[in-house]
Structures are given as structure tokens and as C-alpha cells.
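See structure below.
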Amino acid sequence: MSRRAPGVRAALAAVLAAALAAPLALTTPSALAAAAPTGAYRVTALRFTVRQGDRTCALDADLYRPAGVDRAHPAPAVLATNGFGGSKNDGATDLIGAAFARRGYVALVYSGLGFGRSGCLISLDHPDLDGRAAARLIDFLGGTRAADDGTRADYVTSDGAGDPRVGMIGGSYGGAVQLAAAAVDHRIDALVPMATWNDLAYSLAPNNALGATAVPGAFKWQWTDGFYLVGESRPLIEPALDPSRFNSLTCLHFATGFCDAVRTLNSGGYPPNRTERLLAYARAVSPASYLARVTAPTLLVQGQADTLFNLNEAAATYRALKAHGTETRMIWQSWGHSGGENGPGSGEFAFSRDNLETSYVGRRVLAWFDRHLRRHRHTGPGPELAYYRDWTGGPEHAYATADRLPAPTRTLYLSGDGALVDTPGEVARGSRTYANQPLPTSHSESSLAALTGLPDPAPHDADGTCLGWTGAPLDHALVVVGAPRATLRVHSPDAERGQRSADAADRLVLFAKLYDVAPNGAQTLVHRLVAPVRVPDATRPFTVTLPGIVHRYAPGHRLRFVIAASDDAYFGNRGVKAVTVTAAPGDTGTLRLPVLGD
């Protein structure tokens, strides 16, 4: 199998674990206090006993109560929890509590199951576990349940007995839990999930072949093993763990299903029985499987610079919620797990700067909660889609909007001579071949670099292990907003033999991507995004959905579409497989782009 040597992989994953253990917090609460809007509030530490299956444990929480809020003067509530590896005190989650308390909301922030000083296992935002734990906190906000010390909340705006007016906000791991909670508790009035997943099988082992849901794709080992080590290394970071956080010697702190899934992914094989268990577990913790039960109005915020949870995940959630009639809007901001624009000069939203009123995303969040928690019905839901543009030259014009999710509107053709052409008649007859090597020969990103800011080599592909199609220099700017699609047909006797194996890992793997080539020949892989594909059937054409992007190809620049045999951020082909791509007029592959105005 084409992948990094295990020792190298283990060493990098160990460093990833240390990086992931430090959540994405850009400043400290004291630094925020100096610049944040004034608004007095009091913070009270609370604990709540909850159940996780057959386990009982405590949730560690902080209650932020604004001055002047009491039974006679109630206020709506905001509930939030941490990203993976964080806690209620991680310098990110606590900023959420402070920000909303300053604006008159009762805020309850807590350490999720298995994190901080909360007990129980890490259960990957399972609706029946993490979702129901959040529901117990909503009981508290609704006045029907006390904290373990007897504290009660009788000052939250109510829509009926035991039904508090409450919204949820948070990112990544703290985003998916909102959907999980809303699936089991319809008292939640509004959600703002940020940078989170739709389908965990796609997140950890993406297969971007259209319609390929029964077979995992290429294992995203850097991200996955890093998160796994963060969870399993908790005793090194928090020596006095609650005993309820221990599972077994073979799966220390996670729910068993996740440990089994990680072992299957790291084995490099997908035998049918183990693959079925892997997919069953992934579905159980994936919003994709329970979104039909989510009725709370949802403002989805996803980052363009995100190789962990890309824009396609939010788009899938958006489509599903809209199909079920849930009020839903979506924002594609700049920053995500892999970086992006969120420094002070970018104008992008960040809790660390408490710039809710002065950033586009912040204003949308406040308006969403005004509409659904404060019942300001004159406040509209906002445009269906808003997206950040990094070429506008200033934050005041950075966002554009659309009334629907963009679909491919421009088709280019893959010519046999390596050109990317505008019409079928321009396609030259030709045939070209590539093959993978025993070790990866292409690089897109290092998750370690994405998390730590360390240097990351530029994306590259070795000659003979990839094929590319390059367009002519553009006469006018071309703006791509959304997920491009490519339809391909390959010839590979090695792949045809492999797909007859019962083990799906023997099937052909390739990586599709789209470069921006400058006039001087410099190539840019937009946000280092690639589309791993485990080809469903090497004897038939197949369609690849690339990760969504927002990118302007400037005049004089060229588009370059590449399929590569490997990528060192993923597990690739098992065995060497030669691949030939043939083109002829009227019979060739296509690249379809969602093109919008500048």
C-alpha cells in the first residue's frame, strides 16, 4: 500500500496529538475583556449528573448570568461546548459564554463528555449519548432540574412549562453536538454549527466518487490518528481522571466503536465485515443519519480553508435540512481547521476579538439569535448563501451572496494532449499513462503544519505518477464558487483485477485536484484541498465531486486539473496500479465548474 512508513506516521501523529490538545483559541479571556463590549455578568461553576448508556458521570459547566436577569426579568439562553480536545475553560469555549452574557443572554458552557473535568467516554457527539447529555442541561435551563448543588435557573425566557428559549453555538466537535441535541430535543430554538461534519465516514476516509457511500475512500490518517491520540492520551494531560472515563486497556477513553473504526482504517484493509461495522458506527455519529429529526432553525458556518471538514459537508447538511423544511441558511467563511483569513485586519469573525457587531458572520449570528431567541420577527433570516472572497481588497466588501447553492454551469474537456479545452471539437486524440509508487509521491498538506503554523512544503506531484490537463490563459477573470465535478474514464487491468477482490482496499485509488497556474508557472492548490476517490468500477465512467472552493482565477492565469496516484496525507493504493486515460473527439472526460460573477 502506498503510504508513509509506520514509524514516520506514528511520530507525526504524536506531534499532532500535542497540537490538537491545544484548541483553536487566539487570545485569552483577559485580553478579550480589555476590548469587549461592557455588560456585567456573574459566573457560577456547576456540575450535573448525567447518564451515558450504562455509565453515570458528571458534566462540568459554567453558568454566565447577566446582571439584572432574574425571574421577573428573564432572558433567553445560549448553550455551548468545546471543540475536540478542549473544555469549558479552553480559552475558546469560555469566550462564547462571556460574549453572549455581555449581550444579555444567559449562557451555559460545559465540557463535553470525556473532556475537561466532565466524565464518561468520548462518544463522538452521538445523539443518544452526547445529544441527551445536552438535553439534560436544557432541563436545567427550563427550570425542571437542578444542578448537583441544588442551583436552579428560574430566569430563562420560557415558551412553556419546562421549555426554555435556548440556542446553541460552537465549532467542530462543538458544532455536531448541536445537531445531535436538536435531533433528540425539540425545545432547542436555534443552532449555529460552525466547521463541523455531516458524514464522519467521508470526513475520515473520503470517497469523492459520486454515489459511492458503501465503500470508504482514502484514509485521512494524519487528522484521524492525531485526534485518536489526543483522546487516548488524556491521562498525560489530566492525571486525575474520573473513573467513568476509562473504557478498557484496548480502548482507553473512547467509545469502543470508534477505536474499532480507527484500527480498521489503520490496517489498510476493508474486509466486508469490518467495513460494515466501521460504516455503521460512522453513520450512528453522523448528522447525515438523523437530520430528518432536526427542526431547529440552523445557520451553518463552514470554513473554506478546511481539509478536515470541507464545504461539501456543510452543503450536504444544508440540502438535507432544506429538504425536510427546516429553516436553514449557510455561510462559507474564510477560516477553518486548516487556516484561512481570521487575523485582526481580515474583518472575519472570531470570538477571541468579540467582534460580533463588526464582522459579517458575527452580525449574522446575532441576527439569527435575535430572530429566534428574542423573537424579533422583523429581523430576516438573511440570504441563503454568503461566501467570503479573499480578492476584494477589504473586509467591508468581502462577502457576496447567492439565492441558492451554486451548481456547475461551465464545462471543460480533457484533451488527449493534456490540454483543458472549451469545446468537444478541440479535443485531440491521445493516450497517457501514470502509475503509483510504493511510497507517496504527491503532497497536498500536513495537518501538523495546518494546526501549528509550521512550514508546509508546497503541494507537488512527481512526474510519471500523475496526469494533468491545463487550460489556456484566461482572457477574463473566472470565479468558481462551489464544488467542481469531473467525469473520468480510466483503463487499468491492475485495477480491474483488484476490484474483484472481496477487500475493497484493493480497488483503484486516485486523487483529483484543481490548481491555479500563474503566468510565471507557479501553481496554487486552493486551500490544499484534494478529492480522494476509490474508483467504484474501473471499467465504467465515474464522476468525482471535488471539495467546494471560492476562488478567482485572474486574467492570464490558467486552470490545471490533475489526477494523482497518491497523497501523503492519505492511505492510497494497495499494490502498484498503472492507469491509462484516453481521449478522442466526442469521447473524453469533462470538468464542470460552478461559475459565478466577480
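The values are calculated or read from the model by the stated rules, or taken from the named source; none is laboratory data. Quick caveat, the model's predicted, so the values are computed rather than measured. Quick reminder, even Gly has a Cβ in these numbers, built from the backbone with ideal geometry, and neighbours come from all protein chains shown.
L129 satisfies every condition listed in (1) under 17 Å from K88 (Cα atoms); (2) among the aliphatic types (A, V, I, L, M); (3) not in a loop (DSSP other than H, G, I, E, B) except (1).
Yes or no, residue by residue, for (1) more than 17 Å from C466 (Cβ to Cβ); (2) in contact with a Gly (Cβ under 7 Å, 6 or more places away or on another chain):
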site	(1), (2)
A504	yes, no
L508	no, yes
Q523	no, no
P532	no, yes
A538	yes, no
G548	yes, yes
A564	no, no
G589	no, no
D598	yes, no
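Just to be sure, is H460 surrounded by fewer than 18 Cβ atoms within 10 Å (Cβ to Cβ), of a type outside the set (K, R) and either closer than 17 Å to L593 by Cα or free of Cβ contacts under 8 Å to residues at least 40 places away in the same chain (or both)? For H460, the condition - surrounded by fewer than 18 Cβ atoms within 10 Å (Cβ to Cβ), of a type outside the set (K, R) and either closer than 17 Å to L593 by Cα or free of Cβ contacts under 8 Å to residues at least 40 places away in the same chain (or both) - is met. Scan segment 401-417 for residues that are closer than 20 Å to L488 by Cβ and crowded, with 17+ Cβ neighbours inside 10 Å and the total you get is 6.
In the set R364, R374, only one residue is buried (at least 16 other Cβ atoms within 10 Å of the Cβ) and under 23 Å from the mean Cα position of the chain (by Cα); that residue is R364. For segment 337-356, taking the residues that are under 26 Å from H372 (Cα atoms) and small (G, A, S), the one that is nearest to the chain's Cα centre (by Cα) is identified as A350.
Residue-by-condition table, conditions (1) part of a strand (DSSP E or B); (2) of a type outside the set (S, T, Y); (3) surrounded by 14 or more Cβ atoms within 10 Å (Cβ to Cβ); (4) in contact with a Ser or Thr (Cβ under 6 Å, 6 or more places away or on another chain):
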{"site": "S431", "(1), (2), (3), (4)": "yes, no, no, yes"}
{"site": "Y434", "(1), (2), (3), (4)": "yes, no, yes, yes"}
{"site": "A449", "(1), (2), (3), (4)": "no, yes, yes, no"}
{"site": "L474", "(1), (2), (3), (4)": "no, yes, yes, no"}
{"site": "R500", "(1), (2), (3), (4)": "no, yes, no, no"}
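Scanning for something among the β-branched types (V, I, T), surrounded by 14 or more Cβ atoms within 10 Å (Cβ to Cβ) and in contact (Cβ under 8 Å) with a residue 40 or more places away in the chain, does segment 250-267 turn up at least one residue? Checking segment 250-267: not a single residue is among the β-branched types (V, I, T), surrounded by 14 or more Cβ atoms within 10 Å (Cβ to Cβ) and in contact (Cβ under 8 Å) with a residue 40 or more places away in the chain. When segment 401-460 is filtered for residues that are of a type in the set (A, V, I, L, M) and farther than 27 Å from G471 by Cβ, the ones remaining, listed by number, are L439, L448, A449, A450, L451, L454.
Condition test on S352, is it among the hydroxyl-bearing types (S, T, Y), in contact (Cβ under 8 Å) with a residue 24 or more places away in the chain and over 29 Å from F511 (Cα atoms)? Against the criterion (among the hydroxyl-bearing types (S, T, Y), in contact (Cβ under 8 Å) with a residue 24 or more places away in the chain and over 29 Å from F511 (Cα atoms)), S352 qualifies. Taking the criterion of being crowded, with 19+ Cβ neighbours inside 10 Å and touching a Ser or Thr at 6+ places or on another chain (Cβ under 8 Å), the residues of segment 280-298 that qualify are V285, P287, A288, L291, V294, A296, P297, T298. Collect the residues in segment 139-190 that are hydrophobic (A, V, I, L, M, F, W, C) and either without any contact (Cβ under 8 Å) to a residue 60 or more places away in the chain or closer than 18 Å to S289 by Cα (or both), keeping them in residue-number order. Residues satisfying the conditions are A146, A161, A176, V177, L179, A180, A181, A182, A183, V184.
Considering (1) farther than 28 Å from A400 by Cα; (2) surrounded by 23 or more Cβ atoms within 10 Å (Cβ to Cβ), the lone condition that K513 does not fulfil carries the number (1). Counting only strands (runs of 3 or more DSSP E) that fall entirely inside segment 504-591 and contain at least 3 residues that are without any contact (Cβ under 8 Å) to a residue 40 or more places away in the chain, no element qualifies. Taken over segment 435-454, residues that are closer than 26 Å to P473 by Cα and touching a Leu at 6+ places or on another chain (Cβ under 9 Å) amount to 1. Under the condition of being surrounded by fewer than 24 Cβ atoms within 10 Å (Cβ to Cβ) and among the acidic types (D, E), which residue from segment 54-106 is farthest from T44 (Cα to Cα)? Out of the qualifying residues, it is D54. Is there any pair with a first residue in segment 358-384 that is without any contact (Cβ under 8 Å) to a residue 40 or more places away in the chain and within 14 Å of V301 (Cβ to Cβ) and a second that is surrounded by fewer than 16 Cβ atoms within 10 Å (Cβ to Cβ) and not basic (K, R) whose Cβ atoms are under 6 Å apart and which are 6 or more apart or on different chains, and what are they? Once the first residue is without any contact (Cβ under 8 Å) to a residue 40 or more places away in the chain and within 14 Å of V301 (Cβ to Cβ) and sits in segment 358-384, its partners that are surrounded by fewer than 16 Cβ atoms within 10 Å (Cβ to Cβ) and not basic (K, R) give A367/T379.
Output yes when any residue across segment 82-101 is among the aliphatic types (A, V, I, L, M), on the phi > 0 side of the Ramachandran plot and in contact with a Leu (Cβ under 9 Å, 6 or more places away or on another chain), and no when none is. Don't jump to the end; show me each part of the working.
Pass one, segment 82-101, residues among the aliphatic types (A, V, I, L, M): 92, 95-96, 98-99, 101.
This time we only want the ones that are on the phi > 0 side of the Ramachandran plot, so: none.
No.
Figure legend. Inter-residue proximity from segment 203-219: first residues in contact (Cβ under 8 Å) with a residue 24 or more places away in the chain, second residues polar (S, T, N, Q), beta-carbon distance below 6 Å, spacing 6+ or different chains. Indicated pairs: L204/T224; N208/T545; L210/T543; L210/T545; G217/N207.
Answer yes if at least one residue in segment 316-328 is at pLDDT 95 or above, of a type in the set (D, E), touching a helix residue (DSSP H, G or I) at 6+ places or on another chain (Cβ under 7 Å) and more than 29 Å from N89 (Cβ to Cβ), and no otherwise.
no
Against the criterion of being part of a loop (DSSP other than H, G, I, E, B), within 28 Å of the chain's Cα centre (by Cα) and within 30 Å of P235 (Cα to Cα), L124 qualifies. What about D139, is it of a type in the set (D, E) and either part of a loop (DSSP other than H, G, I, E, B) or within 21 Å of D242 (Cβ to Cβ) (or both)? So D139 does not fit the description; no.
When you look at T144, is it surrounded by fewer than 20 Cβ atoms within 10 Å (Cβ to Cβ) and of a type in the set (S, T, N, Q), yes or no? The answer is yes for T144. Taking segment 544-572, which residues are β-branched (V, I, T) and either closer than 27 Å to N266 by Cα or modelled with pLDDT under 95 (or both)? Within segment 544-572, V544, T545, V562, I563 meet the criteria.
Per-residue answers, yes or no, for (1) over 22 Å from H337 (Cα atoms); (2) among the small types (G, A, S):
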site: A502; (1), (2): yes, yes
site: D506; (1), (2): yes, no
site: A512; (1), (2): no, yes
site: V517; (1), (2): yes, no
site: N520; (1), (2): yes, no
site: P536; (1), (2): yes, no
site: R540; (1), (2): yes, no
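Condition first: at pLDDT 95 or above and in contact with a Pro (Cβ under 9 Å, 6 or more places away or on another chain). Can you find one or more residues in segment 113-121 that meet it? Yes, segment 113-121 has at least one match.
Of the residues that sit in segment 106-121 and are of a type in the set (G, A, S) and within 24 Å of V156 (Cβ to Cβ), which one is nearest to the chain's Cα centre (by Cα)? If you could, list the steps in order and put the result at the bottom.
Taking segment 106-121 and keeping what is of a type in the set (G, A, S), we get 107, 111-112, 114, 116, 118-119.
From what is left, the residues that are within 24 Å of V156 (Cβ to Cβ) are 107, 111-112, 116, 118.
Details: A107: 25, S111: 20, G112: 18, G116: 22, S118: 24 Å.
Result: G112.
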